[in-house]
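Throughout, read-outs are computed from the coordinates displayed, never taken from laboratory work. Here the structure is a predicted model, which means the values were calculated and not measured. Cβ placement follows ideal geometry from the backbone for every residue including glycine, while neighbour counts extend to all protein chains displayed.
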Amino acid sequence: MIAPTDIPSRTNPQETFVLNLGPQHPAAHGVLRIKMTMDGEYVTRAEPIPGYIHRMHEKMGENRTWTQFLPNTGRIDYLSALHYNHAFVGAVERAARIEVPPRAEYIRVITSELNRISSHLVWWSAYLLDLGGFTPLLYAFADREKILDLLEAITGSRLTYCYFRFGGLCNDIDDAFIQGTRAFVAQMRPRLKMYRDLVTDNIILRKRLEGIGPISAELCRKYGATGPVLRGAGIAYDVRKVEPYSVYSQLDFHIPVFPEGDSMARYRVRMAEMEQSLRIIEQALDKLPAGPVMGKVPRVLRLPAGDYCYAVEAARGRHMVRVVSDNKDIPYRVKLRTPSFSNLSLYEEASKGMMLPDALALLGSLDLVIPDIDR
Amino acid sequence: MSFLTAEPVRLLLALVCIMAFVGLNAAYLVLAERKGAGRFQRRPGPNEAGYGGWLQPVADVAKLLSKQLIVPPGTDTILFRLAPLMVISPAMMCLAVIPFSQTLVARNINVGLLMVFSFGSINVMAIMLSGWASRNKYAIISAARVVSQNVAYEIPMLLVVITLLMVTGTMDLNEIVRQQAGWFWHWNLFKVWVNPLMPVTFVIFFICMLAETNRAPFDMAEAESELVAGVFTEYAGMGFGVFFMAEYANIVLGCSLGTVLFLGGWQSPFGLWPGVVWFLLKLYALIFTVIWVRWTFPRTQFYNLLNLSWKILIPISLFTLLLSSAMIKLF
Amino acid sequence: MIPSLEQLAERFSRLVVTNAVPSRSPLPVTTGSAPPVAVATPAAAAAGQTAAPTAPPCPVQTVDYPLKGYHLDVSISPRQVVLAAEILDQNGFALDTITGVDWIAQNEMEVVYDYFHPLSVLRVVIRTRIRRDNPEIPTISPVFPGANWHERETHDFFGIRFSGHPDLTPLLLPEDADYHPLRKDFTA
């Protein structure tokens with residue numbers, strides 16, 4: 001078999017050409033531009049050029065109060081807004097030493113995991129679209145629709161949620177949500193099995209992904225790649241286990257790890273994560289305590305001076321918020337460490353010498369959300 | 001009346017009919033494809049224009065016709081305009097020798113099969129020309145892919161057809177169909193006593209046909225998530241529309257060839273109904289399979305595609321060829 | 001290899017002793033434990049660093065994780081960031097992020113390096129301060145190639161020059177941007 005790296009790449013500029021992939025390209029999933037130096041169909045250098053939807057969220061953070069910045073967090077990675085809510089809320093709670101009632105923590109976990117499933121479903125469908133399979137998109141979106149309906153009922157929005165508050169949540173969940181979530185969990189399990197049988201085990205897909213775009217654990221470490229990319233390289237790093245936040249330490253789940261490091265490993269990690277998320281949701285629903293969903297929070301929030309970090313496991317990996325306070329009601333500095341940014345930064349090294357379709361299969365397997373890179 | 005039965009006039013009329021057939025097929029196969037895709041994806045598909053979406057092709061064609069034909073600066077204008085014509089005309093020419101029924105054939109010549117294959121290979125050159133003339137990097141990559149893909153798949157296809165020719169002993173398509181008269185086990189597909197690998201040759205033929213017509217999962221030419229629209233990237237309006245028509249014309253041609261060669265053409269398996277009904281039934285069953293495959297599988301990787309041809313299909317088809325000749329010699 | 005917090009703290013104490021940081025602690029509030037023992041070693045001295053007296057507020061602090069979100073807070077001089085990165089690299093750390101903070105009142109820029117360990121819970125923060133009017137600091141991208149983009153981004157936002165960086169063209173800002181929006185004196 002001709003492996004994509006068998007043919008040595010030429011570097012003579014006379015024999016190569018530049019292919020500007022994007023900012024508008026079907027595989028860019030937004031406005032990512034990749035400047036590819038090609039030797040025929042082989043990529044000799046792929047340089048991502050982000051920044052086309054840079055919105056300077058970090059500057060916005062310095063111009064508004066702690067509370068006012070909260071809606072921004074849902075708009076960074078629009079597919080896993082609740083995780084980003086969680087990171088910012090968590091950083092502020094950590095700084096202000098706000099106690100969060102246990103019921104609120106459990107609901108945060110339930111909604112976050114629902115959000116993770118919906119995010120992975122979008123990735124799955126979009127990735128198969130990249131690989132030329134159109135049909136899974138419609139199936140995944142039908143499932144995702146149920147999650148969006150559930151979350152819409154309690155959060156009020158369908159995509160860019162702003163549900164968490166400092167000290168708890170803005171709304172309690174009702175019985176309809178609990179019933180609906182249980183029903184969703186029950187019907188999602190056979191669906192995941194169906195996806196495995198119909199898509200994951202398909203020979204064309206497996207040939208397309210297995211051994212393609214290998215990323216070693218060492219490469220991940222050097223570039224700070226996290227999330228399914230790192231777990232697909234055999235490292236069981238998951239912030240939910242390593243730095244347990246919220247009530248994750250009280251729930252029983254395991255971290256799917258695949259050691260191959262290729263696109264298929266990253267694919268399988270995400271598919272297995274959805275099953276784990278279902279388990280987490282089920283347990284959290286069983287353990288859900290009664291009580292308030294909002295703790296005691298001062299009317300005007302002034303954080304003690306200092307800097308505080310809070311990391312969560314977002315759908316794409318480690319998301320960390322670093323807030324610096326100078327004892328005012330406005331943040332002095334908000335740093336958002338987003339997983340897609342680090343995950344994309346290794347693309348140039350990982351894609352060397354690949355064929356164009358493989359390079360795009362690798363790009364898709366990183367699960368990029370462009371606003372998450374550009375912020 | 002003698003004027004109408006004169007051979008040139010009859011041929012002209014037949015060609016007009018074929019053009020109409022191709023045009024209608026293209027329009028309504030697009031609808032069928034979209035409706036089918038809708039069913040595979042648990043959605044209704046187009047259902048707004050006309051009753052149940054039946055006027056959708058009319059709307060599509062009207063839209064395509066009303067669009068400006070853009071010839072981007074820097075392109076090779078003549079080749080750029082010529083390419084769509086060169087894609088569609090061979091497909092139409094080939095249909096002239098396909099026997100839709102015993103008598104319903106535009107021109108029955110005794111080397112019909114040869115003609116189909118010789119015209120069929122113009123398609124590659126036309127697509128390559130359009131990619132070259134577009135002066136678009138995506139188009140050129142796509143054109144290069146199409147050439148190596150079609151060359152690779154032409155070989156097993158021809159080997160399979162030669163295997164079949166050894167069995168039939170003629171290149172006259174109508175004669176090939178006549179030989180398959182009787183019950184359905186008389187079709188070439190099931191003639192295992194002539195060559196036990198006959199069903200395998202049909203599968204190879206079908207795979208090659210998918211690859212030759214650039215259909216998913218072998219749609220390297222269009223590969224919309226990699227190459228935007230491949231060779232069609234720079235084409236607008238009816239220029240693109242003609243390529244689109246040619247794609248469906250080629251599917252119709254490929255499936256009719258499959259029907260004629262393997263499925264008994266217009267022969268009825270039970271003796272009911274006229275031949276043309278059976279021909280169309282078999283034809284559309286094959287076309288449905290093509291659509292089905294497209295909406296089920298993801299796209300293959302390019303080197304996997306070539307590996308499939310050179311390392312699997314060609315050896316198998318060579319083996320069937322040898323087996324056929326050996327069996328003919330022995331029995 | 002998973003280093004213990006104590007080992008790391010000890011290693012960084014040795015580093016900072018060989019070349020003390022400016023006396024100002026980056027942030028007034030600390031909830032750290034007792035300062036670790038500072039021992040100057042011949043190996044560190046041989047690294048070409050000039051010895052200087054230890055700074056009064058301890059530059060290496062072990063931090064209470066639930067209160068701050070990290071375990072070890074190290075303040076070093078700008079010259080030592082590469083050395084610190086190498087130490088962390090040898091101990092299996094991964095680069096989390098690099099960012100700046102503009103302390104305009106003190107006329108200083110703070111550069112903060114966050115590290116996490118892929119196999120353990122350990123989180124280390126390395127911080128250093130440079131002059132605001134001529135912010136320049138060595139790049140750590142040879143040690144951590146992932147730092148390339150983080151440093152470019154920090155250069156975009158703060159105008160901090162990373163000497164030795166292969167390409168400091170704007171990453172997220174437009175390619176002709178000559179402004180640095182996260183500086184506190186930036187006006188749109």
Based on Cβ point charges of +1 for Lys and Arg and -1 for Asp and Glu, what charge dipole magnitude is obtained for the range B:71-330 about its Cα centre, in debye rounded to the nearest 20? 320 debye
Which listed pairs, of A:Lys241/A:Lys335; A:Lys59/C:Lys68; A:Lys35/A:Lys207; A:Lys352/B:Lys35, have C-alpha distances above 31 Å, in listed order: A:Lys352/B:Lys35
Counting only backbone N atoms under 19 Å from a point 7 Å out along Cα-to-Cβ of A:Ala186, the residues of the range A:278-304 in range are A:278-288
Kindly write out, for the range A:288-302 in residue order, the coupling ³J(HN,Hα) from the Karplus curve 6.51 cos²θ - 1.76 cosθ + 1.60 (θ = phi - 60°), rounded to whole Hz, with x marking Gly and Pro. 3, x, 7, x, x, 10, 9, x, 7, 10, x, 4, 9, 8, 10
In a Gaussian network model of chain A with springs linking alpha carbons closer than 10 Å, the residue among A:Met355, A:Met271, A:Met56 that fluctuates most is A:Met56
Pick out which of B:Gln56, B:Gln149, B:Gln301 has the largest mean-square fluctuation in a Gaussian network model of chain B, springs linking Cα atoms closer than 10 Å. B:Gln301
Quick check on the exposure proxy: order A:Met60, B:Met128 from fewest to most C-beta atoms within 10 angstrom. A:Met60, B:Met128
As I understand it, the value is the acute angle between the Cα axis of helix B:56-66 and the longest principal axis of the Cα atoms of chain B; what does it come to in degrees, rounded to 10? 50 degrees
Output the relative contact order of chain A, whole-number percent, from Cα pairs under 8 angstrom with separation of 6+ residues. 27 percent
Over what distance in Å are the Cα centres of the range A:227-288 and the range B:230-267 separated? 47 Å
What spacing in nm lies between the two simple spin-label points modelled at A:Arg97 and C:Lys184, each 7 Å away from Cα in the Cβ direction? 2.6 nm
Relative contact order for chain B, counting Cα pairs under 8 Å that sit 6 or more residues apart, in percent: 24 percent
What is the Å³ per residue value for the convex hull set by the Cα atoms of the range B:71-330? 117 Å³
Expressed in Å to one decimal, the Kirkwood Rh of the range A:200-258 from all distinct alpha-carbon pairs is 13.2 Å
Rg(Cα) of the range B:255-331 divided by 2.2 N^0.38 Å? 1.50
Kindly express, to the nearest 10 degrees and within the range 0 to 90, the angle between helix B:198-212's C-alpha long axis and the longest C-alpha principal axis of chain B. 20 degrees
Using alpha carbons only: equivalent-ellipsoid semi-axes of the range B:9-83, gyration tensor based, whole Å: 29, 22, 12
Using the 2.2 N^0.38 Å rule of thumb for compact globular proteins, work out how chain A stacks up: its C-alpha Rg over that value, please. 1.00
Largest-first semi-axes in Å of the equivalent ellipsoid built from the Cα gyration tensor of the range B:183-296 are 32, 17, 9
For the range B:88-191, report the convex hull volume of the alpha-carbon atoms normalised per residue, in Å³, without decimals. 106 Å³
Considering only B:Val231, B:Thr300, B:Phe288, whose Cα is most displaced toward the positive end of the charge dipole of the range B:187-310, charges sitting on Cβ of Lys, Arg (+1) and Asp, Glu (-1)? B:Phe288
Rounded to the nearest 10, the angle in degrees between the Cα long axis of helix B:7-40 and the longest principal axis of the Cα atoms of chain B comes to 70 degrees
Label-point gap, in nm, between B:Glu48 and A:Lys296 - each point 7 angstrom along Cα→Cβ: 5.8 nm
Neighbour-count order for A:Thr135, B:Thr201, B:Thr103, fewest beta carbons within 10 angstrom listed first: B:Thr103, A:Thr135, B:Thr201
If each residue of separation counts as 0.36 nm, what is the full-extension length gain between B:Trp185 and B:Asn108 once their alpha-carbon separation is subtracted? 25.2 nm
Cα convex hull volume per residue for the protein assembly as shown (Å³): 202 Å³
Take the Cβ-Cβ distance between C:Leu5 and C:Glu86 as r, set R0 to 22 Å, and report the resulting FRET efficiency rounded to the nearest 0.05. 0.70
Size of electric dipole in the protein assembly as shown: Cβ of Lys, Arg +1 and of Asp, Glu -1, about Cα centre, debye, nearest 20: 980 debye
What translational diffusion coefficient, in µm²/s and rounded to a whole number, does the Stokes-Einstein relation yield for the range A:266-375 at 20 °C and a viscosity of 1.002 mPa s, taking the hydrodynamic radius as the Kirkwood radius over Cα pairs? 121 µm²/s
Compactness of the range A:98-246 as Cα Rg over 2.2 N^0.38 Å, two decimals: 1.21
Can you sort B:Cys255, A:Cys220, B:Cys17 by how many other beta carbons sit within 10 Å, fewest first? B:Cys17, B:Cys255, A:Cys220
Given a Förster distance of 35 Å, report the FRET efficiency between A:Glu15 and A:Ser216 from their Cβ-Cβ distance, rounded to the nearest 0.05. 0.75
